[in-house]
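Single-structure report; data block below.
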Amino acid sequence: MSITCSHCKARPAFFLRRYSGEALCKNCFIVNFEKRVYRTIKKHELITWGDKVLAAVSGGKDSLVLLHLLAKLRKKLKFELIAITVDEGVRGYRSRGIELAQNEARKLGIEHFVVSFKDAYGFTLDEIVEIAQKRGIELHPCSFCGILRRRLINETALKVGANKVATAHNLDDEAQTVVINLIRGDLLKVVRLGVKPPISHEKFVPRIKPLRYTPENEIAVYAMLKRIELYDVECPYIRLAMRDEIRNFLNELEEKHPGTKHSIVSSADKLVQELKATVVPKIQIKTCKICGMPSTREICRTCELFKQLGISKPSP
Ligand code: SF4
Ligand code: ZN
Ligand code: ZN
């Protein structure tokens with residue numbers, strides 16, 4: 001006997017949300033999915049009238065869904081939307097993603113830029129990883145990648161006059177990041193994690209995360225229902241990362257205890273609220289002595305990285 005949708009009470013259910021007990025038909029799933037993202041944007045004032053939003057699109061399903069949703073909301077919320085894809089330079093990995101991002105942006109009528117580590121920094125990620133190995137630097141490739149990608153996106157946003165950068169971090173990513181930072185004892189990073197940053201600086205374009213409360217499996221279902229083309233090439237460096245272990249661990253927990261990922265993210269949100277009064281005012285934004293960009297340190301992470309690698313970053 002088929003289950004009836006708990007929303008419309010008419011059509012057969014096709015998706016069971018274990019953490020809430022809802023059974024949804026295809027139609028109600030789409031409506032509810034889009035509403036949740038819209039509510040996140042409105043509740044946290046992620047996008048306001050007249051914003052110029054740069055969407056970071058890797059070409060993976062989450063970022064294509066984000067682009068699709070933002071394109072849909074452009075008129076309603078009256079903002080300008082452009083998109084960027086970063087080519088990190090990982091052999092055999094990113095090219096299909098770039099192609100998909102370009103196709104989707106073209107279909108949706110969104111201006112799209114491709115920027116690369118090679119052009120911006122003079123080295124691909126593969127080359128950087130090789131230099132780091134030769135120099136005995138133990139940092140994980142994903143750490144280089146994250147630092148350099150964030151910097152490049154921020155620089156591009158400043159250049160094109162965007163006042164927000166939208167990223168496709170979903171509930172799973174965010175729960176993993178909370179756990180990783182707690183394991184590392186990095187409370188400052190937990191505070192800076194929220195749906196939008198608690199601190200601002202004229203050279204730092206705020207990052208917003210409209211999918212922060214949306215589970216990854218629901219994004220995959222939405223992408224399938226909307227016939228958004230997917231690719232499943234995995235970055236060769238991902239398996240080396242701690243994040244991969246945490247992902248598997250949280251998936252197991254979620255399976256046994258539905259709602260775990262939501263609880264982790266909402267606990268982090270509550271923590272951020274509590275710490276806003278104590279930790280946030282103590283965060284000092286300095287100017288990097290080398291590149292002049294904002295940083296919580298004397299020398300920013302990008303410049304520190306290049307110093308460690310013994311290479312100089314070409315001027316932007
Ligand atoms: Fe970069 Fe790591 Fe993602 Fe690969 S898995 S693209 S190295 S962050
Ligand atoms: Zn329904
Ligand atoms: Zn710097």
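Counted as qualifying within the range 49-156 are the strands (runs of 3 or more DSSP E) with 1 or more residues that are free of Cβ contacts under 8 Å to residues at least 40 places away in the same chain and within 28 Å of residue 300 (Cβ to Cβ), namely 80-87, 111-116. Check off (1) surrounded by 16 or more Cβ atoms within 10 Å (Cβ to Cβ); (2) touching a residue at least 60 places away in the same chain (Cβ under 8 Å); (3) within 27 Å of residue 262 (Cα to Cα) for residue 188 and give me the number that stays unchecked. All conditions pass for residue 188, except number (1).
In the range 1-17, the qualifying residues are those that are in a strand (DSSP E or B) and of a type outside the set (A, V, I, L, M), and the one that is nearest to ligand 3 (Cβ to nearest atom) is 17. All of 125, 152, 100 fail the test of being touching a strand residue (DSSP E or B) at 6+ places or on another chain (Cβ under 8 Å) and surrounded by 15 or more Cβ atoms within 10 Å (Cβ to Cβ), apart from 152. When the range 31-42 is filtered for residues that are out of contact with any Phe, Trp or Tyr (no Cβ under 7 Å at 6 or more places or on another chain) and either surrounded by 15 or more Cβ atoms within 10 Å (Cβ to Cβ) or under 20 Å from residue 81 (Cβ atoms) (or both), the ones remaining, listed by number, are 32, 34, 35, 37, 38, 39, 41, 42.
Every residue in the range 179-227 that is at pLDDT 90 or above, assigned to a loop (DSSP other than H, G, I, E, B) and on the phi < 0 side of the Ramachandran plot, please. Selection gives 205, 206, 209, 210, 211, 212, 213, 214, 215, 226. Only residues that are over 23 Å from residue 178 (Cβ atoms) and either at pLDDT 90 or above or of a type in the set (S, T, N, Q) (or both): list them for the range 265-287, please. If the condition is that a residue be over 23 Å from residue 178 (Cβ atoms) and either at pLDDT 90 or above or of a type in the set (S, T, N, Q) (or both), then 284, 287 are the ones that fit. Restricted to the range 79-96, and to residues there that are within 15 Å of ligand 1 (Cβ to nearest atom) and of a type in the set (Gly, Ala, Ser), the residue that is farthest from the chain's Cα centre (by Cα) is 92.
The values are calculated or read from the model by the stated rules, or taken from the named source; none is laboratory data. Keep in mind the model is a prediction, meaning the values are calculated, not measured. For neighbour counting, all protein chains shown are included, and Cβ atoms are generated from backbone atoms with ideal geometry for every residue, glycine included.
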